[in-house]
Amino acid sequence: MSTLAYSLEPRSATARARDRLAIRGWLYAVAVVLFALVLVGGATRLTESGLSITEWKPIHGVIPPLSAGEWQEEFDLYRQIPQYQQINRGMSLDEFKTIYWWEWAHRLLARGVGFVFALPLAFFWLTGRLEPFLKPRLVGILALGGVQGAIGWWMVASGLVERTDVSQYRLATHLTIACIIFAATLWVASGLAPRKTQERPARSTIRSGQLIMVLALVQIYLGGLVAGLNAGLTFNTWPLMDGTLVPGGLLVMEPAWRNFFENVMTVQFVHRTGAYVLFAAVLLHAVLLWRKGVSERFRQGALLLCAAVTVQAAIGITTLLLAVPIGWALMHQAGGLVVLALAVFHARALKGEYPIISQAARD
């Protein structure tokens with residue numbers, strides 16, 4: 001039987017349940033690769049390696065330099081940009097190789113996750129295993145991944161001509177889009193999990209869970225601005241900042257909006273404030289769920305999320321007090337992804353699963 005003929009056959013409820021299990025496993029595997037990709041990207045940033053590859057070669061770039069001549073050619077290209085000329089002048093070829101490998105690994109993972117997503121998607125689609133409501137969601141994630149590749153080069157290009165590092169605007173955008181792809185993948189996957197009950201809490205409870213998910217994403221964006229400005233290397237005290245709870249000099253730039261993106265003090269202060277807001281929202285949400293007497297699994301999800309945000313806050317404070325050592329910084333970035341993942345799982349559980357198997361439309 002041909003693939004096309006097979007794809008046109010109706011699927012039984014049992015087969016649909018197996019399909020959902022397989023699709024869910026695939027999407028969780030994609031999320032694991034995305035998690036690794038974001039962490040390698042963080043390490044690339046922290047080691048100042050992101051500008052070591054100065055050309056965008058989507059196909060040929062898979063192959064690293066294989067000869068002494070090729071390595072020298074890559075090194076010569078790097079020596080033409082401001083980062084080398086103003087910061088790393090005199091760097092040896094061996095030192096260059098270290099930063100090169102970080103950026104190459106990051107780009108290889110980015111390419112790899114595209115294949116890990118696209119090839120199984122094509123298989124599930126052509127064999128009729130994708131329910132209609134899944135198709136636009138998965139194609140949307142794939143398209144966003146393609147856009148993310150272009151955004152990544154747009155970010156790198158900002159540091160090749162006049163700057164010695166990449167634009168904080170572009171870095172924060174690149175990080176946030178990666179996390180949106182990560183969250184969307186988990187959202188679709190967790191919505192395919194079978195539920196023992198179809199309980200749906202009040203609409204206000206569902207919306208508060210979704211709000212927490214959005215707040216987690218916003219906090220990641222703010223963290224991207226902090227990273228882009230190296231703002232974590234300043235004001236390394238807590239809970240006071242520059243000797244006070246609300247420091248002066250937050251709005252010294254004109255126009256005022258620039259302070260929220262370019263003023264190191266303001267960017268760090270807003271990131272701190274965002275953490276407080278997220279913590280308060282999660283704590284209040286957990287208390288309200290407990291008082292409303294919703295099912296145990298919803299309350300456990302809220303408490304787990306509250307615990308994760310607390311641990312993440314502690315990691316963030318430690319990272320700040322220690323002036324951003326790479327190990328703690330990567331732990332903080334990983335913690336942000338864990339908080340986001342738990343927020344997605346919790347919001348998805350509150351909303352309920354996708355159409356139950358017995359009511360799902362057939363292809």
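The values are calculated or read from the model by the stated rules, or taken from the named source; none is laboratory data. This one's a predicted model, so the numbers in the text were calculated from it and none came from an experiment. In this analysis, Cβ positions are derived from the backbone assuming ideal geometry, glycine residues included, and neighbour counts consider all displayed protein chains.
Return yes when Thr237 is in contact (Cβ under 8 Å) with a residue 40 or more places away in the chain, among the hydroxyl-bearing types (Ser, Thr, Tyr) and either loosely packed, with under 13 Cβ neighbours inside 10 Å or not in a helix (DSSP H, G or I) (or both) and no when it is not.
Details: in contact (Cβ under 8 Å) with a residue 40 or more places away in the chain: yes; among the hydroxyl-bearing types (Ser, Thr, Tyr): yes; either loosely packed, with under 13 Cβ neighbours inside 10 Å or not in a helix (DSSP H, G or I) (or both): yes.
Considered against the rule, which asks whether it is in contact (Cβ under 8 Å) with a residue 40 or more places away in the chain, among the hydroxyl-bearing types (Ser, Thr, Tyr) and either loosely packed, with under 13 Cβ neighbours inside 10 Å or not in a helix (DSSP H, G or I) (or both), Thr237 comes out as yes.
Could you check the range 199-237 and list, in sequence order, the residues that are of a type in the set (S, T, N, Q) and farther than 18 Å from Ala302 by Cα? Write out each step before concluding.
Of the range 199-237, the ones of a type in the set (S, T, N, Q) are 204-205, 208, 210, 219, 230, 234, 236-237.
Gln219, Asn230, Thr234, Asn236, Thr237 - these are the residues of the range 199-237 that are of a type in the set (S, T, N, Q) and farther than 18 Å from Ala302 by Cα.
Residues that are surrounded by fewer than 13 Cβ atoms within 10 Å (Cβ to Cβ): which helices (runs of 4 or more DSSP H) entirely in the range 245-363 hold 1 or more of them? Full working, then the answer.
Working: elements: 259-262, 264-292, 296-321, 326-351.
Here the list reads 264-292, 296-321, 326-351.
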(message) Just to be sure I understand the filter: pairs with C-beta atoms under 9 Å, separated by 6 or more residues or on different chains, first member in the range 312-324 and farther than 15 Å from Leu233 by Cβ, second member β-branched (Val, Ile, Thr). Which pairs pass?
(response) Gln312/Val338; Gln312/Val339
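Here are Phe298, Phe261, Phe269: which of them is closer than 29 Å to Lys351 by Cβ, of a type outside the set (Asp, Glu), under 25 Å from the mean Cα position of the chain (by Cα) and outside the structural domain of Arg170 (by TED's automatic domain parsing)? Explain how you work it out, then say what you get.
Numbers: Phe261 fails: closer than 29 Å to Lys351 by Cβ; Phe269 fails: closer than 29 Å to Lys351 by Cβ.
Being closer than 29 Å to Lys351 by Cβ, of a type outside the set (Asp, Glu), under 25 Å from the mean Cα position of the chain (by Cα) and outside the structural domain of Arg170 (by TED's automatic domain parsing) holds for just one of Phe298, Phe261, Phe269, which is Phe298.
The rows are residues; the columns are (1) out of contact with any Ser or Thr (no Cβ under 8 Å at 6 or more places or on another chain); (2) of a type in the set (Phe, Trp, Tyr); (3) at pLDDT below 95.
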residue: Ala118; (1), (2), (3): yes, no, no
residue: Phe124; (1), (2), (3): yes, yes, no
residue: Gly128; (1), (2), (3): no, no, yes
residue: Phe133; (1), (2), (3): yes, yes, yes
residue: Val139; (1), (2), (3): yes, no, no
residue: Leu142; (1), (2), (3): yes, no, no
residue: Gly145; (1), (2), (3): yes, no, no
residue: Trp153; (1), (2), (3): yes, yes, yes
(message) I need a count of the residues in the range 89-128 that are buried (at least 20 other Cβ atoms within 10 Å of the Cβ), over 29 Å from the mean Cα position of the chain (by Cα) and free of Cβ contacts under 8 Å to residues at least 24 places away in the same chain.
(response) 0
(request) Would you check if there is a residue in the range 270-285 being under 23 Å from Leu340 (Cα atoms) and touching a strand residue (DSSP E or B) at 6+ places or on another chain (Cβ under 8 Å)? (result) yes
(message) Residues that are polar (S, T, N, Q), more than 18 Å from Gly316 (Cβ to Cβ), at pLDDT 95 or above and surrounded by fewer than 18 Cβ atoms within 10 Å (Cβ to Cβ): does the range 194-212 have at least one?
(response) yes
(message) What's the number of the only condition in (1) of a type in the set (A, V, I, L, M); (2) under 29 Å from Trp328 (Cα atoms); (3) modelled with pLDDT of 95 or more that Ile53 fails to meet?
(response) (3)
(message) Of everything in the range 94-151, what is closer than 30 Å to Trp71 by Cα, touching a Phe, Trp or Tyr at 6+ places or on another chain (Cβ under 8 Å) and basic (Lys, Arg)? Give them in sequence order.
(response) Lys97
(request) Just give me the residues in the range 198-217 being farther than 17 Å from Trp187 by Cβ and either under 16 Å from the mean Cα position of the chain (by Cα) or not in a loop (DSSP other than H, G, I, E, B) (or both), in sequence order. (result) Arg203, Ser204, Thr205
(request) Confirm whether Ser67 is more than 26 Å from Pro325 (Cβ to Cβ) and either outside the structural domain of Gly159 (by TED's automatic domain parsing) or over 28 Å from the mean Cα position of the chain (by Cα) (or both). (result) yes
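Any idea which of Gly327, Gly335 is among the small types (Gly, Ala, Ser) and over 15 Å from the mean Cα position of the chain (by Cα)? Spell out how you get there, then give the answer.
Working: Gly335 fails: over 15 Å from the mean Cα position of the chain (by Cα).
After ruling out the rest, the residue left standing is Gly327.
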